[in-house]
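J.: Shown below is the structure under consideration.
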Amino acid sequence: MPFPEDGRQRVVIERVSPEIDAGRFPIKRTVGETVAVEADAFADGHDEIVVRLRYRPADEVAWSEVPMESLGNDRWRGQFPVQQLGDYVYTVCGAVDHFRSWRRDLRKRLDAGQDVRVDVQIGARMMQAAAVRATGEDAVALRAWCERAQRAEPGPLTALCDDETLLALMDRWLLAQHTTTYERELRVTVDRERARFSSWYEMFPRSAATEPLRHGTLQDVIARLPYVASMGFDVLYLPPIHPIGVGFRKGRNNSVTADQEDVGCPWAIGARAGGHKSVLDELGTLADFDALVTAAAALGIEIALDIAFQCSPDHPYVEQHPDWFRTRPDGTIQYAENPPKKYQDIYPLNFESADWTGLWTELKSVFEFWIERGVKIFRVDNPHTKAFPFWEWCIGELKQTWPELILLSEAFTRPKVMFRLAKLGFTQSYTYFAWRHNRWDLTEYVSEITRGEIAEYFRPNFWPNTPDILTEELQSGGRPAFIRRLVLAATMSSSYGIYGPPFEHGWCAPVRPGSEEYLNSEKYEIHHHDLARADSLQPLIAKVNRIRRDNPALQFNRTLTFHPIDNEQLLCFSKHSEDGTNVVVVVVNLDSQYKQAGFVELPIGDLGIADYEPYQMHDLLTDARYMWYGSRNYVELDPQKLPAHIFHIRRRVRSESDREYFQ
């Protein structure tokens with residue numbers, strides 16, 4: 001067995017976290033956040049060690065370092081900020097700290113009354129070595145300490161053991177020798193804030209007309225923007241806006257036969273007029289789309305486009321690149337299937353094509369086409385039915401040029417597949433939230449995806465409904481169910497979305513019993529929406545989004561904590577801001593019919609509130625204010641009035657004029 005590169009490296013570094021799959025994938029942060037890193041680090045014998053966290057932007061060479069602090073039992077922790085978009089690299093290094101070891105042992109010898117003259121000379125030699133490397137005032141200070149040590153007087157000797165200024169000087173200038181560096185350099189992908197905190201609104205442009213029976217246009221969507229902005233959404237997501245195929249076009253309610261006036265499904269992309277880089281004629285032109293992007297930006301809204309890599313039988317790709325599709329023994333192209341379901345109007349792409357590099361290049365160019373028109377957010381349809389290597393390559397290539405990109409993965413599939421897509425580069429992910437209804441399910445699932453390793457790379461985006469998902473809870477729960485799911489989605493997750501106007505208007509009729517498809521779904525026909533309906537949830541949605549903007553606690557997921565409450569029909573959780581000054585407590589009645597009540601327990605000691613002190617619970621939904629005492633307090637929610645509280649905890653403080661108030 002050969003000698004190691006340096007057998008004098010005595011420090012061992014293990015179990016670095018966060019680390020995803022042995023460093024194969026990066027963790028995720030947004031600009032301005034910090035990365036907290038922990039590691040096991042130890043050495044043989046009894047010497048002290050110093051452990052440092054190294055980090056740098058991936059495109060730079062020079063490392064920055066911060067010291068890591070001991071957590072006990074050979075576990076260490078440090079953190080560093082990420083200040084720019086793109087990737088960062090980090091690792092951990094450690095070495096035996098001979099000066100700290102010397103200082104510790106000198107204190108023990110002094111306490112024992114031993115002769116320390118030789119020991120002092122050893123320390124002075126280390127100070128002298130540091131002084132040689134030091135510059136300016138540091139060099140002067142180190143030489144002075146060296147002289148004091150050499151005089152070997154009791155006072156200076158005691159100071160050698162205790163003075164933190166000397167220790168800081170030695171940390172800066174005493175070169176660590178035989179440093180062990182962790183075997184891997186780990187990565188952080190840094191996105192912009194909207195990757196972490198965003199509010200999405202989905203609508204069909206063809207249903208945006210102001211009068212019935214007319215096909216909506218992109219100009220109609222521009223006219224709809226103030227309505228979207230009034231509800232506080234910052235992302236407007238549009239289903240595919242491309243030409244729709246005629247071959248095997250679906251009719252209303254997903255009928256396999258279409259009438260002449262049927263408009264087809266937007267996800268059946270492609271016709272003689274073009275494919276993924278074209279706009280449906282009835283919607284308008286590329287100039288209209290450019291005008292939409294500009295108008296939305298003026299209101300603080302970004303346009304998100306649907307990327308659905310599939311083709312109708314009429315898509316130009318079918319004629320130009322037949323080898324990008326699977327061919328059946330009878331010579332026909334294989335249409336999409338999810339047996340026993342058949343989707344004859346859609347041809348899936350073949351990622352095992354002999355021309356896979358040509359296919360990859362063309363699909364990447366679809367993203368590039370729309371990026372160059374100002375789109376920086378994409379919702380990707382069914383990414384789990386496309387090859388994993390393609391996504392890793394495509395997203396990596398795109399983000400090298402446009403690190404501000406945000407990609408939402410619409411993959412309602414097995415957990416490991418969802419997580420793999422997140423690791424490969426998708427910024428946000430749809431989740432199983434829509435199907436988690438009772439307290440146990442919600443608590444277990446939300447805890448799983450907002451804590452631990454999964455939370456380092458998987459960013460959830462909660463949707464109570466989509467054009468494909470009308471859950472049984474919304475079908476049968478009435479208005480209370482829609483309000484409950486809105487509050488849960490918007491407060492549990494820092495990113496969430498709704499499909500509207502069906503959400504704010506309470507659409508709840510399925511196409512048939514047991515189905516999650518809407519009756520008369522917008523996927524297959526045009527609808528006219530009366531935005532002035534008296535029963536619209538629009539005012540409540542606007543209030544919830546305003547609460548999200550005003551409370552930093554709701555803009556992160558990492559502090560989400562569930563709290564005990566003695567009624568299974570009630571759910572209680574809290575979030576707090578990074579500095580702890582903003583605390584939000586949410587209580588939700590999970591019963592759509594009946595009033596529910598119970599006692600909730602809050603860890604008020606963690607909030608700096610004594611058991612005898614009153615504190616105010618300000619309900620941000622109703623502006624009601626309740627005075628609570630102690631950790632255990634009573635709540636009651638009537639779903640026919642409002643099924644949820646969103647409380648802001650206000651602590652009692654005393655002003656300069658000695659008057660008490662709550663803030």
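The values are calculated or read from the model by the stated rules, or taken from the named source; none is laboratory data. Every value quoted in this text rests on a predicted model; they were computed, and no experiment measured them. Glycine also receives a Cβ, built like all others from the backbone with ideal geometry; neighbour counts cover every protein chain displayed. When the accessible area is computed, the model is the full protein with side chains, heavy atoms only, and any ligands, DNA or RNA have been set aside. Shrake-Rupley method; radii C 1.70, N 1.55, O 1.52, S 1.80 Å.
J.: Taking P464 as the residue in question, decide whether it is farther than 20 Å from E568 by Cα, at pLDDT 95 or above and touching a strand residue (DSSP E or B) at 6+ places or on another chain (Cβ under 8 Å).
T.: So P464 passes the test.
J.: Given (1) free of Cβ contacts under 8 Å to residues at least 12 places away in the same chain; (2) open to solvent by 70 Å² or more (accessible area, probe 1.4 Å); (3) of a type outside the set (D, E), identify the lone condition not met by A159.
T.: A159 satisfies all of (1) free of Cβ contacts under 8 Å to residues at least 12 places away in the same chain; (2) open to solvent by 70 Å² or more (accessible area, probe 1.4 Å); (3) of a type outside the set (D, E) except (2).
J.: Of these, F573, F562, which one is within 28 Å of the chain's Cα centre (by Cα) and open to solvent by 20 Å² or more (accessible area, probe 1.4 Å)?
T.: When all the criteria are applied, what remains is F562.
J.: Can you confirm whether A39 is in contact (Cβ under 8 Å) with a residue 24 or more places away in the chain, of a type in the set (G, A, S) and in contact with a Phe, Trp or Tyr (Cβ under 9 Å, 6 or more places away or on another chain)?
T.: Yes.
J.: Out of all the residues in the range 605-626, which are open to solvent by 60 Å² or more (accessible area, probe 1.4 Å), of a type outside the set (F, W, Y) and either in a loop (DSSP other than H, G, I, E, B) or modelled with pLDDT of 95 or more (or both)?
T.: G608, D611, T622, D623, R625
Every residue, every condition in (1) touching a Ser or Thr at 6+ places or on another chain (Cβ under 7 Å); (2) on the phi > 0 side of the Ramachandran plot; (3) among the hydrophobic types (A, V, I, L, M, F, W, C), yes or no:
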| site | (1), (2), (3) |
| --- | --- |
| G216 | yes, no, no |
| L225 | no, no, yes |
| G232 | yes, yes, no |
| P266 | no, no, no |
| T285 | no, no, no |
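J.: Determine, yes or no, whether S447 is over 24 Å from V511 (Cβ atoms) and either of a type in the set (F, W, Y) or at pLDDT 95 or above (or both).
T.: Against the criterion (over 24 Å from V511 (Cβ atoms) and either of a type in the set (F, W, Y) or at pLDDT 95 or above (or both)), S447 qualifies.
J.: Determine whether E568 is charged (D, E, K, R), in a loop (DSSP other than H, G, I, E, B), farther than 21 Å from P460 by Cβ and in contact with a Lys or Arg (Cβ under 7 Å, 6 or more places away or on another chain).
T.: For E568, the condition - charged (D, E, K, R), in a loop (DSSP other than H, G, I, E, B), farther than 21 Å from P460 by Cβ and in contact with a Lys or Arg (Cβ under 7 Å, 6 or more places away or on another chain) - is met.
J.: Do we find that L602 is out of contact with any strand residue (DSSP E or B) (no Cβ under 6 Å at 6 or more places or on another chain), over 18 Å from I483 (Cα atoms) and of a type outside the set (S, T, Y) in this structure?
T.: Spelling it out, L602 is indeed out of contact with any strand residue (DSSP E or B) (no Cβ under 6 Å at 6 or more places or on another chain), over 18 Å from I483 (Cα atoms) and of a type outside the set (S, T, Y).
J.: Given Q128, Q150, which one is open to solvent by 30 Å² or more (accessible area, probe 1.4 Å), part of a helix (DSSP H, G or I) and within 25 Å of R10 (Cα to Cα)?
T.: Exactly one residue qualifies, and that residue is Q128.
J.: Another question about this same structure. Within the group S255, S278, which residue is surrounded by fewer than 19 Cβ atoms within 10 Å (Cβ to Cβ), over 20 Å from G216 (Cα atoms) and of a type outside the set (K, R)?
T.: S255
J.: Just to be sure before I move on: is Q596 in contact (Cβ under 8 Å) with a residue 40 or more places away in the chain, closer than 28 Å to S476 by Cβ and open to solvent by 40 Å² or more (accessible area, probe 1.4 Å) in the structure I sent?
T.: no
J.: Out of the range 32-62, which residues are buried (at least 17 other Cβ atoms within 10 Å of the Cβ), under 22 Å from A195 (Cα atoms) and touching a strand residue (DSSP E or B) at 6+ places or on another chain (Cβ under 7 Å)?
T.: Listed by number, the residues that qualify are V35, V37, R56, P57.
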